[in-house]
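This report concerns only the one structure given below.
The values are calculated or read from the model by the stated rules, or taken from the named source; none is laboratory data. Please read these numbers as outputs of a predicted model, since none were measured by experiment. As a convention, Cβ positions derive from the backbone with ideal geometry for all residues, glycine included, and neighbour counts pool all protein chains shown. Heads up: the accessible areas ignore ligands, DNA and RNA and are worked out on the full protein's heavy atoms, side chains in. Shrake-Rupley method; radii C 1.70, N 1.55, O 1.52, S 1.80 Å.
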Amino acid sequence: MRLRHRTRPLMMICAGVTGAATLTACGSGGGTASNSASSSTLQQVIRRGTLNVASCLTFPPFGSLTKDNKPQGFDVDVATAMATALGVKVKIVDTTSANRIPNLQTKKVDAVVCNFTTTAERAKQVAFSDPYVVAGETLLVKKSSGISTLADLTGKTVAVTKGSTNGEAVEAGNAKAKIQEYDTSSAAVLAVKQGQADAMVEDSNFLNYQAKLDSSLKVTKESVVPLEYNAIGLPAGDPTWLQWVNTWLKEFNRSGEGAALYKKWFGVDRPYPLNPSY
């Protein structure tokens, strides 16, 4: 999700975009493009003085509530840093995974910072920034287990959550592993701690947090599925807002602030680079 608000850069972006909505705005002349920039979410946020951001506050350490019912977490800190760069206040709106897209479409929020994985299907409805965090599906094991890769799971019990595809991914990599399903991720973590399972497969960032909380646990480096790139969700059809967010993300990461926040919440350095490699 890249631009300042001068007419010339905006016109250059219009010339390179092929989306139908953008072509309509750009094809009507420089005046229309200028009007589009002034009506962008970017200008609305600055005039309002508040950045409204949807975050999932039931998925620590990405988002949760303090004892005083104040939002906290990695995604909350990212949203706060974004508002600081804009010179405005931040308002965190609690949301669920299912409501992330509707919140943008109904303009309830200006952005979604909520462990939002980019997919082509979702991109039909919303815009995505550049990635700000990357996830794999890795293994949570006891440090004393001797498990480092899928190959080490032969004859071992692997905990997965019901409804996920993690069990299938493990079986594809090691057909001799034993899959045990649990209702929740927390139950699966507990199974590893209590020795009912030898390993658990889940989002690598979530597992890094679990290992931070319990020094007897570790997270393996190998991802059992292709990496998932999480981005900031934005309203579709607003290139000026998307341009600003992407420009800010570059500064946010170049400065080291993004890496520092990741280590603060997950207890380790980022395990994967933000830029996809093919």
With a/c under 1.5 counting as rounded, go ahead and sort the chain into rounded, prolate or oblate using the C-alpha gyration tensor (a ≥ b ≥ c being the square roots of the eigenvalues; past the cut-off, prolate if a/b is larger than b/c, else oblate). prolate
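Which of the peptides 88-97, 123-132, 74-83 is most tightly packed, and how do the rest follow, judged by the mean count of other Cβ atoms within 10 Å per residue?
Working: 88-97: 17.2, 123-132: 19.3, 74-83: 23.9.
With the highest mean Cβ count within 10 Å placed first, the list reads 74-83, 123-132, 88-97.
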Heavy atoms only, 1.4 Å probe, whole protein assembly: order Thr106, Thr149 by accessible area, highest first. Thr106, Thr149
HN-Hα J couplings of region 204-219 from phi, Karplus 6.51/-1.76/1.60, θ = phi - 60°, integer Hz, Gly and Pro as x? 4, 5, 4, 5, 4, 5, 5, 5, 5, 6, 9, 5, 7, 9, 9, 10
Gained length - Thr96 relative to Gln194, 0.36 nm times residue gap less alpha-carbon distance: 32.3 nm
Using a 1.4 Å probe, how large is the accessible area of Ile147, given in Å² and rounded to the nearest 10? 0
Where labels lie 7 Å past Cα in the beta-carbon direction, separation of Lys70 and Lys264 in nm: 1.3
What is the magnitude of the charge dipole of the chain about its Cα centre, with +1 placed on the Cβ of each Lys and Arg, -1 on the Cβ of each Asp and Glu, and no other charges, expressed in debye to the nearest 20? 820
Per the helix-only calculation at 222 nm, which mean residue ellipticity applies to the chain, given -39500 (n - 2.57) for every DSSP H run of n ≥ 4 and division by its residues, nearest 500 deg cm²/dmol? -11000 deg cm²/dmol
Name the aspartates and glutamates eligible as straight-distance cross-link partners of Lys142: C-alpha to C-alpha under 14 Å, and not fewer than 8 places from it in the same chain. Asp152, Asp198, Asp214
